[in-house]
Amino acid sequence: MKYDIVVIGSGLSGLQCAYILSREGYNVCVLEKQKIIGGCLQTFSRCGSTFDTGMHYIGGLDEGQVLHSFFNYFDLNRRLKLKRLDEDGYDIIRYGGKEYKFAMGFERFADTMHSHFPFEDTAIDKYITKLKEIKKSVDIYNMRDFSGPNSDYFNYYGIGLNQFLNSITSNSTFKNVFVGLSPLYAGVADRSPLYVHMMIHSSYIEGAYRFVDGGSQLCRFLEESILAAGGTILRNSEVTRLNTVNSHIQNIVVNDDECFEAEYYISSIHPKTLLRMVDEDALRPAYRKRIYSTEETYGMFSLYLVMKDKSFRYINHNYYNYHTSDIWNAYHYTDDSWPEGYMIHFSPVSDNEEYTNAIIINAMMKWEEVKRWENTKVENRGDEYREFKQSKAEKLFELLEKDFPGIKQGIKFWYTSTPLTYRDYTGTWEGSVYGLMKDYNNPMKTLLLPRTHISNLLLTGQNISIHGVVGVTIGAFLTCAELLGHQYLIEKVRNAG
């Protein structure tokens with residue numbers, strides 16, 4: 001089989017690259033090893049309730065903002081079913097027995113923070129100033145003309161969030177509240193760059209939304225558009241080898257027996273998984289070592305609740321509940337202290353705006369806890385694994401009932417997943433929720449670019465730039481710009497819709 005472009009993996013970035021390039025007249029083929037496309041956008045249903053696998057809410061979607069502009073280009077704004085979260089508190093951090101609201105809009109956010117911390121005016125102003133400064137540093141985020149490489153944003157990769165917070169205040173409660181969003185990027189005190197935190201936070205402040213009936217609608221609409229433009233999407237098609245000569249891919253092997261040829265190949269899968277398929281001499285040893293030695297972000301233990309009919313009213317914001325005095329230290333949990341915190345998401349459904357039938361609870365979990373079962377498969381991991389999940393669920397239920405009294409009596413069924421589940425369904429290495437960990441101590445090591453030393457191989461996905469819908473979308477744009485030109489694509493997005 002011959003194509004102009006072959007995209008390996010059908011996560012959001014892979015589908016977006018296929019959309020962009022098929023729309024530009026390329027003959028594009030997307031290869032997905034699973035029977036379901038979408039990666040972290042996959043949803044699943046239990047007893048009539050729909051659950052998101054990864055994408056629980058998105059930001060930057062109000063008119064004139066970055067994701068709104070891109071979604072215009074992808075013809076998504078008019079098609080997606082979305083629910084705008086509460087403006088006065090789209091996220092609520094529960095810490096130290098109090099609630100701290102994160103409001104939408106920079107002015108409203110500032111006012112709310114001043115009401116929470118009346119003696120921290122200087123720290124709040126410095127935080128918001130830096131938030132806007134970092135957001136402004138990224139050309140593509142602001143749809144500015146591309147006159148040449150701009151690395152201003154890179155300066156913020158070498159600064160730690162913890163460093164920055166310590167520089168603006170000594171108030172431990174203030175710092176813990178702002179670190180309360182760390183599950184959005186799997187934050188670690190001595191690793192997490194200021195840039196990642198600020199870019200993610202700013203997008204939600206600008207406009208936060210949930211998917212109504214699940215995020216898989218996003219990949220479904222992209223698939224329809226790719227096929228309409230003449231593209232191809234093949235499921236159950238696992239790329240098993242990349243055959244290279246002189247650092248150039250001649251062809252790739254699918255399912256160990258079928259060859260595909262293309263002018264260019266775009267990989268949206270985890271870089272470590274990709275390296276296993278490539279000849280040793282095709283990439284420099286230093287490049288391989290850099291990727292393999294980069295740590296993964298932590299995974300999640302997830303509890304999925306199917307609620308009885310009209311038993312739990314829909315809540316239009318997220319809660320980050322903490323039962324620890326040091327949120328950063330939650331990463332270093334013990335068996336006795338877990339879970340020190342969790343995020344709870346209430347799914348909106350189209351046929352009942354007053355009640356929800358699906359609730360998702362996520363608590364961090366390190367790979368080491370499930371590593372002993374790494375060679376097992378879904379639904380076939382044994383009694384010990386089931387007992388492990390049962391004990392974790394019981395601990396979460398104990399906290400849930402304290403934080404939301406009476407929630408257990410409204411539950412019809414419940415299900416769990418671990419980093420193993422996430423690995424098997426989304427292909428992330430070690431079930432890491434956001435792929436490779438970014439590290440401000442060594443930003444060059446943990447920042448991957450779309451270009452590789454293989455002349456016709458490009459990278460995309462959450463390991464390039466940053467994760468999340470906004471980060472992955474910008475990453476897909478940057479990957480395709482290597483073929484089409486940055487300014488050309490900026491103009492396309494600007495003039496869309």
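Which loop trypsin sites (Lys or Arg not before Pro) in segment 1-66, with loop taken from DSSP, have no more than 15 other Cβ atoms within 10 angstrom of their Cβ?
Values: sites: Lys2, Arg23, Lys33, Lys35, Arg46; in loops: Lys33, Lys35.
Passing sites in segment 1-66 are Lys35.
Any idea what log10 I(q)/I(0) is at q = 0.12, 0.17 Å⁻¹ for segment 131-229, Debye with uniform C-alpha scatterers and no solvent?
-0.57, -0.92
Cα-Cα pairs above 14 Å in segment 105-169: how many percent?
When all Cα pairs of segment 105-169 are counted, 65 percent exceed 14 Å.
With θ taken as phi - 60° and the coefficients 6.51, -1.76 and 1.60, list the Karplus ³J(HN,Hα) couplings across segment 323-333 in order, rounded to whole Hz; mark glycine and proline as x.
Each residue of segment 323-333 in turn: 10, 7, 8, 10, 5, 4, 6, 4, 5, 9, 5 Hz.
Kirkwood-based Rg over Rh for segment 245-303 (C-alpha set), two decimals?
1.06
At 20 angstrom or more along the helix axis (alpha-carbon based) and mean Kyte-Doolittle of 1.0 or higher, what helices does the chain contain? Whole DSSP H runs only. Don't skip to the end; give the middle numbers.
Numbers: long enough: 121-136 (22 Å, -0.85); 383-403 (30 Å, -1.50); 468-484 (23 Å, 1.84).
Membrane-span-like by this criterion, though nothing is claimed about a membrane: 468-484.
Please work out the Cα convex hull volume for the chain and give it in Å³ per residue.
Taking only Cα atoms, the chain has a hull volume of 142 Å³ per residue.
Just the number, please: Stokes-Einstein D of segment 299-382 in µm²/s, Kirkwood Rh from C-alpha pairs, 20 °C, 1.002 mPa s. Could you put the intermediate results ahead of the total?
Details: Rh = 15.0 Å.
D = 143 µm²/s.
Testing the spin-label approximation: label points 7 Å from Cα along Cα→Cβ at Tyr287 and Ser45. State their distance in nm.
Result for the modelled spin labels: 4.4 nm.
If a/c stays under 1.5 just call it rounded; otherwise compare a/b with b/c (prolate if a/b is bigger, oblate if not). Do that for segment 383-444, with a ≥ b ≥ c from the square roots of the Cα gyration tensor eigenvalues.
Details: a/c = 2.88, a/b = 1.79, b/c = 1.60.
Prolate is the answer for segment 383-444, as a/c is 1.5 or above and a/b outweighs b/c.
Could you give the radius of gyration (one decimal) and Dmax (whole number) of the Cα atoms in segment 390-497, in Å?
For segment 390-497, the Cα radius of gyration and maximum Cα-Cα distance read 20.5, 59 Å.
Hey, which aspartates and glutamates would be in cross-link range of Lys136, C-alpha to C-alpha under 14 Å, not counting anything within fewer than 8 residues on its own chain?
Asp145, Asp152, Glu206
If I take all pairs of Cα atoms in segment 276-323, what percentage of them are more than 18 Å from each other? Working shown, then result.
Numbers: 722 of 1128 pairs.
Beyond 18 Å sits 64 percent of the P(r) for segment 276-323.
May I have the pair-distance distribution P(r) for segment 1-85, computed from all Cα-Cα distances with 10 Å bins from 0 and rounded to whole percent?
Histogramming segment 1-85 at 10 Å steps yields 15, 38, 34, 12, 1 percent.
Quick one: if you stick a label point 7 Å off each Cα along the C-beta vector at Asp403 and Asp326, how many nm between them?
It is 2.1 nm.
Run down the lysines and flag those whose C-alpha is under 26 Å from the C-alpha of Lys135, throwing out any fewer than 8 positions away in its chain.
Lys83, Lys101, Lys126, Lys175, Lys438, Lys445, Lys492
Based on the mean of other Cβ atoms within 10 Å per residue, sort peptides 349-359, 64-74 so the most packed one is first. Before the final figure, lay out each step's value.
Values: 349-359: 16.3, 64-74: 20.7.
Top of the packing list down: 64-74, 349-359.
Please compute the length gained on full extension between Asp190 and Arg241, using 0.36 nm multiplied by the number of residues separating them and subtracting their Cα-Cα distance.
Length gained, Asp190 through Arg241: 14.7 nm.
Tell me which residues come under 5 Å, amide H to amide H, from Ser267 once H is placed; ignore anything under 5 positions away on its chain.
Sorted by chain and number, the residues that satisfy this are Ile8, Leu458, Leu459, Thr460.
What translational diffusion coefficient, to the nearest whole µm²/s, does segment 187-240 have by Stokes-Einstein, given a Kirkwood radius computed over alpha-carbon pairs, a temperature of 4 °C and 1.567 mPa s viscosity? Before the final figure, lay out the partial values.
Details: Rh = 15.1 Å.
For these conditions, the coefficient is 86 µm²/s.
Using a simple spin-label model with points 7 Å from Cα along the Cα→Cβ vector, what separation in nm is obtained for Tyr488 and Glu374?
4.3
Do any chymotrypsin sites (Phe, Trp or Tyr not before Pro) in segment 1-32 lie in a DSSP loop with no more than 13 other beta carbon atoms within 10 Å, and if so, which? If you can, show how the numbers build up before the last one.
On the way: sites: Tyr3, Tyr19, Tyr26; in loops: Tyr26.
When the chymotrypsin sites (Phe, Trp or Tyr not before Pro) of segment 1-32 are filtered for loop state and at most 13 Cβ neighbours within 10 Å, nothing remains.
Mind ranking 114-127, 92-105 by how tightly packed they are, going by the mean number of other C-beta atoms within 10 angstrom, highest first? Numbers along the way, then the final one.
Numbers: 114-127: 15.2, 92-105: 17.7.
Top to bottom by mean Cβ count within 10 Å: 92-105, 114-127.
Bear in mind these aren't lab numbers, they're just calculated from the coordinates by the rules spelled out. As the structure is a prediction and not an experimental result, all values here were calculated from the model. Neighbour counts are summed over all protein chains in view; Cβ atoms, including those assigned to glycine, are modelled from backbone coordinates with ideal geometry.
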